[in-house]
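The values are calculated or read from the model by the stated rules, or taken from the named source; none is laboratory data. Being a predicted model, the structure only gives us computed values, none of them experimental. Here the Cβ is made from the backbone with ideal geometry for all residues, glycine too, and neighbour counts use every protein chain on show.
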Amino acid sequence: MYSEPDRTVFLPLAQLSSLVARLMALGYQCLGPTVENGAIVMRELHSPDGLPRGLQAEQAPGRYRLTQDPHKRYFAWANGPQAIKPQTFAPQESLWRVERDVAGGLRFAAVLPAVPAQAIIGVRACDLAALALQDAHFLRAGRRDPHYAHRRGQLFLVAVQCVEPAATCFCASTGDGPTPTTGYDIALAELTDGFVAVAGSAKGAAVLDTLSLAQATPQQIGAARQQGQAAASQTRSLPGRNLRDTLLSQLDHPRWDEVATRCLACGNCTAVCPTCFCHAEQDAPSLDGHSSEHARIWDSCFGEAHGHLHGFNVRPDIRSRYRQWLTHKLATWHDQFGRSGCVGCGRCIAWCPVGIDLTEEVAVLKASEVQP
Ligand code: SF4
Ligand code: SF4
């Protein structure tokens, strides 16, 4: 993030609202952290000084509680229940509709989302890594998803370096955080009196240029670096970045039966996971029979119907569904995308109602691995 110190500027605290105002003036709908139902979610900011201060989120397996940050920082919270996923891969959206014309023929038409240009303020390094994985899936050569591509093209991303990761975070062990390194338009590191700011794209540089900011001093850059290194000391971790062979050699381990006694198959972990992309498609015909809408909705490998093939179910029990989730995420993603599907955000740990912790599950499986 600070590889070009001469292009690293300092944004005083009082000018954070100028950055938001500039983005609004450029026509962006600005989304920022907002408290809703006791959690931090990304919602539209209606004024340039609408960003909340002094919020933190205490997280543990099955637990998420907002607390007060004594230093009144803007971005002291680690992450909320959703990353950027709902902005690019909508939870539910129409893909196409069909209408019957007067002669009885059918007319099909694609439905493209009407979304404004959006600036998201407060994106984390793990969110950017997850977005890159979603890009690899939805924008792959020959299978480009037009709905995702349209939403993705509308984004301007203001990332922030994490100051105090939650107890559930383990992005340092997956190599995806806590300092944003790529994929942002502007990245900020919050110090007591302002932000060390770096542009990551021409769009981001153009925005920072309009704010007439002074270059960051070596002391400010040093403090930001130090903060990133401190934030990388996390208590949770995965025992390696490629666990493919470990997990695939443990498909009959009794731990899958044990975890199945705790897992509710509720699908919360897949809903909050920023890299999960499974979906179902369904039709909604009008009552008069003249039209029908074809929609895509998020789905989960924990749902019974997800494993239903013609005439039988390949994953008839919770044991096989939890195993499918973990082995796809951490093992067979390597075959599909050349890396693990986990960016270490810890959301599946905090938002699991019974507190199942994938780092704990993997540690048990890893401990039983027979070394060659
Ligand atoms: S692991 Fe937890 S969040 Fe995921 S399906 Fe099971 S109970 Fe639900
Ligand atoms: S598997 Fe869990 S920790 Fe990993 S990216 Fe998904 S929600 Fe985050």
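Does residue 354 qualify as being within 22 Å of the chain's Cα centre (by Cα), in a loop (DSSP other than H, G, I, E, B) and within 16 Å of ligand 1 (Cβ to nearest atom)? Before you say what the answer is, go through the steps one by one.
Values: within 22 Å of the chain's Cα centre (by Cα): yes; in a loop (DSSP other than H, G, I, E, B): yes; within 16 Å of ligand 1 (Cβ to nearest atom): yes.
Yes: the conditions hold for residue 354.
For residues that are within 14 Å of ligand 1 (Cβ to nearest atom) and either assigned to a loop (DSSP other than H, G, I, E, B) or among the small types (Gly, Ala, Ser) (or both), tally how many sit in region 323-344.
Residues in region 323-344 being within 14 Å of ligand 1 (Cβ to nearest atom) and either assigned to a loop (DSSP other than H, G, I, E, B) or among the small types (Gly, Ala, Ser) (or both): 1 in total.
For the structure I just gave you, tell me whether residue 82 is under 26 Å from residue 171 (Cα atoms) and in contact with a Leu (Cβ under 9 Å, 6 or more places away or on another chain).
Numbers: under 26 Å from residue 171 (Cα atoms): yes; in contact with a Leu (Cβ under 9 Å, 6 or more places away or on another chain): no.
No: the conditions fail for residue 82.
Would you mention how many residues in region 177-222 are acidic (Asp, Glu) and surrounded by 14 or more Cβ atoms within 10 Å (Cβ to Cβ)? Talk me through it step by step, then tell me what you get.
Just the residues of region 177-222 that are acidic (Asp, Glu), to begin with: 185, 190, 193, 209.
Retained after the next criterion (residues that are surrounded by 14 or more Cβ atoms within 10 Å (Cβ to Cβ)): 185, 190.
Here the count works out to 2.
Report those strands (runs of 3 or more DSSP E) wholly inside region 88-165 carrying at least 1 residues which are surrounded by 15 or more Cβ atoms within 10 Å (Cβ to Cβ) and modelled with pLDDT of 95 or more.
Working: elements: 92-100, 106-110, 118-123, 155-160.
The qualifying strands (runs of 3 or more DSSP E) are 92-100, 118-123, 155-160.
Can you pull out every residue in region 338-347 that is out of contact with any Lys or Arg (no Cβ under 9 Å at 6 or more places or on another chain) and either charged (D, E, K, R) or away from ligand 2 (no atom under 12 Å from the Cβ) (or both)? Working first, answer last.
Of region 338-347, the ones out of contact with any Lys or Arg (no Cβ under 9 Å at 6 or more places or on another chain) are 338, 343, 347.
Listed by number, the residues that qualify are 338, 347.
Only one of 265, 271, 231, 189 is within 29 Å of residue 87 (Cβ to Cβ) and either modelled with pLDDT under 95 or of a type in the set (Phe, Trp, Tyr) (or both); which?
Numbers: 265 fails: either modelled with pLDDT under 95 or of a type in the set (Phe, Trp, Tyr) (or both); 271 fails: either modelled with pLDDT under 95 or of a type in the set (Phe, Trp, Tyr) (or both); 189 fails: either modelled with pLDDT under 95 or of a type in the set (Phe, Trp, Tyr) (or both).
After applying the criteria, what remains is 231.
Given the conditions (1) closer than 27 Å to residue 41 by Cα; (2) more than 16 Å from ligand 1 (Cβ to nearest atom); (3) in contact with a Ser or Thr (Cβ under 9 Å, 6 or more places away or on another chain); (4) of a type in the set (Val, Ile, Thr), which single one is not true for residue 297?
Among (1) closer than 27 Å to residue 41 by Cα; (2) more than 16 Å from ligand 1 (Cβ to nearest atom); (3) in contact with a Ser or Thr (Cβ under 9 Å, 6 or more places away or on another chain); (4) of a type in the set (Val, Ile, Thr), the lone unmet condition for residue 297 is (3).
Of the residues that make up region 16-31, is at least one under 18 Å from the mean Cα position of the chain (by Cα) and not in a helix (DSSP H, G or I)? Reasoning before the result, please.
Going residue by residue through region 16-31, those that are under 18 Å from the mean Cα position of the chain (by Cα) are 30-31.
Adding the requirement that they be not in a helix (DSSP H, G or I) leaves 30-31.
Yes, region 16-31 has at least one match.
Filter region 269-280 for residues that are crowded, with 21+ Cβ neighbours inside 10 Å and of a type outside the set (Val, Ile, Thr); which is nearest to ligand 1 (Cβ to nearest atom)? Spell out the reasoning first.
Within region 269-280, the subset crowded, with 21+ Cβ neighbours inside 10 Å is 269-270, 272-276.
Filter once more, so that each one left must be of a type outside the set (Val, Ile, Thr): 269, 273-274, 276.
Numbers: 269: 3, 273: 9, 274: 15, 276: 11 Å.
Ranking the qualifying residues of region 269-280, first place goes to 269.
Quick one: what pairs do we get from region 348-366, first residue farther than 17 Å from residue 252 by Cα and more than 12 Å from ligand 2 (Cβ to nearest atom), second modelled with pLDDT of 95 or more and outside any loop (DSSP other than H, G, I, E, B), C-beta under 8 Å, 6+ apart or different chains?
Final answer for the pair search is 353/268; 354/262; 355/60; 355/63; 355/349.
If we keep just the residues of region 180-201 that are of a type in the set (D, E, K, R) and touching a Leu at 6+ places or on another chain (Cβ under 7 Å), which is farthest from residue 163 (Cα to Cα)?
Taking region 180-201 as the starting set, the residues that turn out to be of a type in the set (D, E, K, R) are 185, 190, 193.
Still in the list and also touching a Leu at 6+ places or on another chain (Cβ under 7 Å): 185, 193.
Values: 185: 20, 193: 14 Å.
The selected residue is 185.
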